[in-house]
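Colleague: The structure's right below; bear with me while I get my questions together.
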Amino acid sequence: MPDRRTLVTELVTGLGMLGYRSLDEALDARPAAMADVTPGIWDQLQGLRSGGWFDPEFEAAFANGAAFLSSPEALRRRRPLRIDWKGSQRAPGDEVAPIDLRVDHVYLVSCKYLSRILCNVSPAHLFDDLLVGRHGRRRADGLDWYQEVAGPAYRNLYLAVRRALGPEVAPPEIGGLDAAGRRRLAGALRAGWPDEAEDRYLELARTVSEASAVRWRAGLATLEERQAMLWRLLRMGSAPYFVLGAAADHLLRLRIATPWDWRQRFRLVDLQLAAQPGGQPRVGWAAQVRDKDTGEPLEVVGHVEVRWSHGRFAGPPEAKVYLDSSHRQVPGYFPLDGSADPAPRRLRAHGNRLAGPEAAGTTADYRLFGPEVGRPGPSGGGPRPPQGPSGPVGG
């Protein structure tokens, strides 16, 4: 089951596409067009709505769905008959695009709210396999990337930690760690590295960063190979899809091009990959692109963080690919019509969730927008989609 914020943003984005006059009307209707949504999930969604903790997410998602309904580049005011929700199901085959909703078996939608993560895979799948194949898959041999590319530095770090924490916490060699031992060691290191291990970790981070960049560059000798790598990093595939979500200070409504579309409009000049300093292993990537229509030089940048999953030593390292450029500045990420920012209305944040009245005075995570068609109005009842002569468009 997805976490609560994801549940809200994905399902309410779909609800916004169905032409209801308000978010609460849509929730009360529990429309059959929302396939794969059980009565228990509807109950949970309505409970979250009545609790008030996720009001900004509810409003942003419903506004995005309403905008998708009215957009000439999307539903064109035609109410969909069926919206399939992926939920926590994994795609059975290779899946290039991170699809959350499928509308009328045609429109593919990714819901991305306050996230710059492009993908999360094993380091070997990124740096050796170049993201060819299913995203998220892990190496069958279970190989530890740190041990493979920085074995001596990895061992030195482990031994420094064992000396600091005591032999009762960890076996003599890292190869002797079982699952329970890894959990125990991760718990002991939750507060940070012991003083005598900090330099060892920095050495490991530097070695892993440099070795990972070398391995990555080795598989991308030609411009054509680097271009294909950029498309995979940006999650471009054979079919176009849409991203609906929110960045730090604006809503996201984008159409993601296919490689075929991309080549009609843009030309890759180069894709550069290099180790970067930081508190953990990190490799930066930067693509220089030229717009064929205008001749304008463009750049899109990001980075990869290689780190343990679930805490220090707790599991094999994973590679998280981040987009550092704004989504709206990425060549091939085309804004849907009407996605220019109106005057913002600041909302408040609380930890990992955007909070209700009891969190007054906390820091804002992102902003929503003033009253206009398809966006939240001052009453707090959710956005009003475009109206036809007898009610909601497509109804």
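The values are calculated or read from the model by the stated rules, or taken from the named source; none is laboratory data. All values reported here derive from a predicted model rather than from experimental measurement. Cβ coordinates were reconstructed from backbone atoms using ideal geometry, including for glycine residues, and neighbour counts include every protein chain displayed.
Colleague: Only one of (1) buried (at least 22 other Cβ atoms within 10 Å of the Cβ); (2) within 20 Å of residue 251 (Cβ to Cβ) fails for residue 6. Which number is that?
Modeller: Going through (1) buried (at least 22 other Cβ atoms within 10 Å of the Cβ); (2) within 20 Å of residue 251 (Cβ to Cβ) one by one, residue 6 breaks only (1).
Colleague: Out of the range 244-259, which residues are within 10 Å of residue 333 (Cβ to Cβ) and crowded, with 21+ Cβ neighbours inside 10 Å?
Modeller: Filtering the range 244-259 for residues within 10 Å of residue 333 (Cβ to Cβ) gives 252, 254-257.
Correct list: 252, 254, 256, 257.
Colleague: A further question on this structure: Picking from 107, 154, 158, 146, which residue would you name as being under 30 Å from residue 75 (Cα atoms), at pLDDT 95 or above, among the aromatic types (Phe, Trp, Tyr) and surrounded by 17 or more Cβ atoms within 10 Å (Cβ to Cβ)?
Modeller: Details: 154 fails: under 30 Å from residue 75 (Cα atoms); 158 fails: under 30 Å from residue 75 (Cα atoms); 146 fails: under 30 Å from residue 75 (Cα atoms).
Going through 107, 154, 158, 146 in turn, the sole match is 107.
Colleague: Still on this model: Taking the range 144-160 on its own, how many of its residues are in a helix (DSSP H, G or I), closer than 21 Å to residue 187 by Cβ and touching a residue at least 40 places away in the same chain (Cβ under 8 Å)? Spell out how you get there, then give the answer.
Modeller: From the range 144-160, those in a helix (DSSP H, G or I) are 145-149, 151-160; that's our starting set.
From the residues that got through so far, the ones that are closer than 21 Å to residue 187 by Cβ too are 146, 154, 157-160.
Filter again for touching a residue at least 40 places away in the same chain (Cβ under 8 Å), leaving 146, 154, 157-158, 160.
So the count comes out to 5.
Colleague: All but one of (1) in contact with a strand residue (DSSP E or B) (Cβ under 8 Å, 6 or more places away or on another chain); (2) surrounded by fewer than 16 Cβ atoms within 10 Å (Cβ to Cβ) hold for residue 169, so report the exception by its number.
Modeller: Every condition holds for residue 169 apart from (1).
Colleague: Restricting to the range 10-54, name every residue that is modelled with pLDDT of 95 or more and within 22 Å of the chain's Cα centre (by Cα).
Modeller: 10, 11, 12, 13, 14, 15, 16, 17, 45
Colleague: Looking at residue 307 and the list (1) without any contact (Cβ under 8 Å) to a residue 40 or more places away in the chain; (2) more than 27 Å from residue 100 (Cβ to Cβ); (3) crowded, with 17+ Cβ neighbours inside 10 Å, which single condition is not satisfied?
Modeller: Failed condition: (2).
Colleague: Here is a follow-up. For the range 59-75, name all the residues that are among the aromatic types (Phe, Trp, Tyr) and within 13 Å of residue 20 (Cβ to Cβ). Before you say what the answer is, go through the steps one by one.
Modeller: As a first pass, look at the range 59-75 and keep what is among the aromatic types (Phe, Trp, Tyr): 62, 68.
Matches in the range 59-75: 62 only.
Colleague: All but one of (1) touching a Lys or Arg at 6+ places or on another chain (Cβ under 9 Å); (2) closer than 30 Å to residue 17 by Cβ; (3) surrounded by fewer than 17 Cβ atoms within 10 Å (Cβ to Cβ) hold for residue 270; state the number of the condition that does not hold.
Modeller: So residue 270 meets the others, but not (2).
Colleague: Restricting the search to the range 19-30, which residues are under 18 Å from residue 63 (Cβ atoms) and in a loop (DSSP other than H, G, I, E, B)?
Modeller: Listed by number, the residues that qualify are 19, 20, 21, 22.
Colleague: Go through the range 29-60 residue by residue and tally those that are on the phi < 0 side of the Ramachandran plot and without any contact (Cβ under 8 Å) to a residue 24 or more places away in the chain. Before the answer, list the steps.
Modeller: Of the range 29-60, the ones on the phi < 0 side of the Ramachandran plot are 29, 31-35, 37-51, 53-60.
Still in the list and also without any contact (Cβ under 8 Å) to a residue 24 or more places away in the chain: 29, 31-32, 38-40, 42-43, 46-47, 50.
Of the residues in that region, 11 qualify.
Colleague: I would also like to ask the following. Among 215, 183, 206, which is the only one that is touching a residue at least 60 places away in the same chain (Cβ under 8 Å), surrounded by fewer than 20 Cβ atoms within 10 Å (Cβ to Cβ) and closer than 18 Å to residue 124 by Cβ?
Modeller: Details: 183 fails: closer than 18 Å to residue 124 by Cβ; 206 fails: closer than 18 Å to residue 124 by Cβ.
After applying the criteria, what remains is 215.
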